[in-house]
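Shown next, in structure tokens, is the structure this report addresses.
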Amino acid sequence: MASNSLSRRGFLGAAALAGAAIGARAAADPLVTPSQTAGPFYPNVDQADKDADLTRIEGHDGVASGEAVEITGQVTDASGAPLANAVVDVWQANAAGRYAHEADSNPAPLDPDFQGWAILTTDAEGRYRLNDVDRLLNSHPEAERAALIAARDPEAGPYRFNVVLQPV
């Protein structure tokens, strides 16, 4: 009578083949950005200055509190083709973790020099760039940072956050 059980060696071999197949598939396809709802405290009061520099507000002499960081990224479709003229809508908390929104219960003060909201358009290669302040990234392990916003690009220096659209 033949046994239907799988030996440990057979199981490990099958697992290795499955892992290799999944890895090959992942390498062939770009990592699709997971679906998510809008984060907390989307701006509900319009502001004139929504450029790519959150560390300065047009008409103000001051600079936002906190360590300035550059964030770069690229927006692509699910096949990896860059999307030119894509709109990237970014809103952030200031260096103390406070959003400029009346529903934010964080008791930290607002920073009068922190812009907090930017609406960007990608270039011909789907790229965008943003100046921001580092509020929490350094307090989280490297593996968690990409889920928060970005991972530091070891070659280019800035934080990088790519957006890959999901097929519909």
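Every number in this text was worked out from the coordinates using simple rules, so none of it is lab data. Just so we're clear, the structure is a prediction, and the values are computed from it rather than from any experiment. In this analysis, Cβ positions are derived from the backbone assuming ideal geometry, glycine residues included, and neighbour counts consider all displayed protein chains.
Amide H contacts for A86 (H built 1.01 Å from N in the peptide plane; partners 5 or more residues away or on another chain; cut-off under 5 Å): T122. Other residues whose C-beta falls under 9 angstrom from the C-beta of E70 contribute a net charge of 0, scoring Lys and Arg +1 and Asp and Glu -1.
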